[in-house]
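The next block holds one structure in the form of structure tokens; read it before the comments.
The values are calculated or read from the model by the stated rules, or taken from the named source; none is laboratory data. On a predicted model such as this, the values are computed, not experimentally measured, just so you know. Cβ sites come from the backbone with ideal geometry, for glycine too, and all protein chains shown count toward neighbours. Please note that ligands, DNA and RNA were not included when accessible areas were found on the heavy atoms of the full protein model with its side chains. Shrake-Rupley method; radii C 1.70, N 1.55, O 1.52, S 1.80 Å.
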Amino acid sequence: MKTLLARFAKDESGATAIEYGLIAALIAVVVIGILTTIGTNLTARFTEVANGLAGAGN
């Protein structure tokens, strides 16, 4: 039993998987934030262009 607990305490494969999961989650949050910002800026830019084209046609 003592060797089983010692082996369990030494096993770090689960910790490594959790760390990789946390890194992946952080990267996903950053990417979502960047894409949201880019999307908002693109929407504003397309609206600006559309309004400019609508005004030019009159």
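For the pair R7 and A25, label points projected 7 Å from Cα toward Cβ lie 3.0 nm apart. Each Lys and Arg adds +1 at its Cβ and each Asp and Glu adds -1 at its Cβ; summed about the Cα centre, the chain shows a dipole of about 220 debye.
Along the range 26-34 the Karplus relation, 6.51 cos²θ - 1.76 cosθ + 1.60 evaluated at θ = phi - 60°, assigns HN-Hα couplings of 5, 4, 4, 5, 5, 4, 4, x, 5 Hz to successive residues, with x for each Gly and Pro.
Applied to the range 35-46, the Karplus parametrisation 6.51 cos²θ - 1.76 cosθ + 1.60 on θ = phi - 60° returns per-residue 3J(HN,Hα) values of 5, 5, 5, 4, x, 5, 5, 5, 4, 4, 5, 5 Hz, with x for Gly and Pro.
Only protein atoms count toward the accessible area here, which uses a 1.4 Å probe; on the chain, the carbon and sulfur part of that area reaches 72 percent. Extension gain for the segment A15 to L53, taken as residue separation times 0.36 nm less the Cα-Cα distance, is 8.0 nm to one decimal.
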